[in-house]
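Undergrad: First the structure, which I've put down as structure tokens, then a few questions once you've had a look.
None of the figures in this text is laboratory data; all of them are computed from the coordinates on show. Because the structure is predicted, anything quoted here is derived from the model rather than measured. FYI the Cβ positions are ideal-geometry reconstructions off the backbone, even for glycines, and counts take in every protein chain you see.
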């Protein structure tokens, strides 16, 4: 599939806007029974390149936060205790950030006290041993997207922005496509069409 040409065409055909448009990959499926849980998926997938500069990471704990200079926010264990008494603060955290990392010993109580907040939002923290350096994990998560296929036979995922290098955007697109193809019972026979679309532009079919 010629992702790079299609990305270029989608950007070229999009009208000039007063903001930088995102570029999405859209995959339409066929002959896939989504009433069968085996055919659904909800996977975190690491892209070759960061697709969204707005991905925000929060790190929870005391020791691992000491090296979390590239995190967007750190939450101390004392602040976490306050969230147990005020779940709205935890809700705000889950809605503001894309991913959470927490010291592993905190996870049982987080699950018990805040599981009803984080769980439905798919925001349960990734555990990390106390004293670990989360720098690399934070960078990995900034390249991570969540691929969800549930009730609708369609997947739409951000793979970059119109001012990114086309080669990086197409590599993100092809890596997602190859992963999705491998998840399907009939491979590419379960894929009806593949599109590239800017935020306000019309979809361009990938040939």
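Undergrad: Using the count of nearby Cβ atoms within 10 Å as a rough guide to exposure, how do 179, 29 rank from fewest to most?
TA: Placing the least packed residue first, the sequence is 179, 29.
Undergrad: Once you have a ≥ b ≥ c as the square roots of the Cα gyration tensor eigenvalues for the stretch 96-207, tell me rounded if a/c is under 1.5, and otherwise prolate or oblate according to whether a/b is larger than b/c.
TA: Values: a/c = 2.36, a/b = 1.79, b/c = 1.32.
Prolate, since a/c reaches 1.5 and a/b exceeds b/c.
Undergrad: For the Cα atoms of the chain, what angle does the longest principal axis make with the long axis of helix 166-183, in degrees from 0 to 90, nearest 10?
TA: The angle comes out at about 80 degrees.
Undergrad: Follow-up question, since we're still on this one. Quick check: from the Cα gyration tensor, does the stretch 51-111 come out rounded (a/c under 1.5), prolate or oblate?
TA: oblate
Undergrad: What is the order of 164, 84, fewest Cβ neighbours within 10 Å to most?
TA: So the residues, fewest neighbours to most, are 84, 164.
Undergrad: As a test, work out the antiparallel percent of DSSP beta bridges whose residues both lie in the chain, rounded to the nearest 5.
TA: Here the antiparallel bridges make up roughly 70 percent for the chain.
Undergrad: Compute the acute angle (0 to 90°) between the alpha-carbon long axis of helix 107-118 and the principal axis of greatest extent of the alpha-carbon atoms of the chain; round to the nearest 10°.
TA: Roughly 50 degrees, rounded to the nearest 10.
Undergrad: Do the sum for the chain: with -39,500 (n - 2.57) for every DSSP H run of n ≥ 4, divided by all residues, what is the mean residue ellipticity at 222 nm, to the nearest 500 deg cm²/dmol?
TA: Result for the chain: -10000 deg cm²/dmol, rounded to the nearest 500.
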